[in-house]
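Inspection log for the structure reproduced underneath, given as C-alpha cells.
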Amino acid sequence: MAVLHAFVVLTALVALFCLPSLLALIVVADFAVDDVARAYRIRMRRIRARRMESKLARHAGLRFAADLPTTPTGPPIEQIAADLRRLGRQRTGVASRSPVWYAAVQRAYDERLALACAELEIPQHLAELTSVDLDIERVRVEGMLQAAGLRLVAAEADWS
C-alpha cells in the first residue's frame, strides 16, 4: 500500500511540474500549425495561378515576357552613368560659367536622370516639376539610382 501511495504522489508531482510545459507546447503548436497552413495555402494559390497562366497562354498562343527577346530602348546604362558623372562634375564647377550654360547642363543632367530611371524602371517626375520641387525630386532620384547600384560620383584616385 505504501508503494502504491508513493507512486501516486510521484505521478502527481511529475504531472504538476510538466503541466505548464505541456500547455506552452500546445499553444506554440497551435501557432506553428497556423503558420504551416498559411504557407500551404499561399503555395497552392501560386501553383494554381501559374497553372492558369500557362493554360491561358497555351489557349491564346501568347508568350511569357521572359520568353520575349529584350532589346534596349536607349543608350547603354554604362553610357548614361558616364554622362551623369560628367554632367555632375560640370554642375559643380559652374561658378565661372553663365546662367544659360548652367541651365543647359542642368537640363541635360535631368534628361539623363530620366533615361536612367526609365532603364531601371524607377518612377520619376523630373519633367513635371520646377524650382525647389525639382531640386528635391532630383535628390530623390539620385538616391534611388544609387540604391539601384548606379554610381553617380566618380571615384577620385589619390596619386600622392
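Each reported figure results from applying straightforward, stated rules to the coordinates on display, with no laboratory input. All values derive from a computational prediction rather than experimental measurement. Every residue, glycine as well, gets a Cβ built from its backbone with ideal geometry; the counts of neighbours run over all protein chains shown.
Observations, loosely collected:
- Estimated vicinal HN-Hα couplings, Hz - region 42-49 in sequence order (Karplus 6.51, -1.76, 1.60; Gly, Pro = x): 4, 4, 5, 4, 5, 5, 5, 5
- Cα centre as origin, Lys/Arg/Asp/Glu Cβ charges: the chain dipole, Debye: 740
- What you get for region 77-147, charging only the Cβ of Lys and Arg (+1) and of Asp and Glu (-1), is a dipole of about 440 debye around the Cα centre.
- Between the entries (i) 36, 22, 14; (ii) 64, 29, 15; (iii) 24, 18, 13, the label attached to semi-axes √(5λ) of the Cα gyration tensor in Å calculated for this structure is (ii).
- Using just its DSSP H runs of length 4 or more, each adding -39500 (n - 2.57), the chain gives a mean residue ellipticity at 222 nm of -25500 deg cm²/dmol after division by all residues.
- Using θ = phi - 60° in the Karplus curve 6.51 cos²θ - 1.76 cosθ + 1.60, the 3J(HN,Hα) couplings for region 98-111 round to 7, x, 5, 5, 4, 5, 5, 5, 5, 5, 5, 4, 5, 5 Hz; x is entered for Gly and Pro.
- Taking the average, over residues, of other Cβ atoms within 10 Å as the packing measure, peptides 106-117, 4-15 rank 106-117, 4-15 from highest down.
- Net charge dipole, region 1-70: roughly 800 debye, given to the nearest 20, about the Cα centre with Cβ charges of +1 for Lys and Arg and -1 for Asp and Glu.
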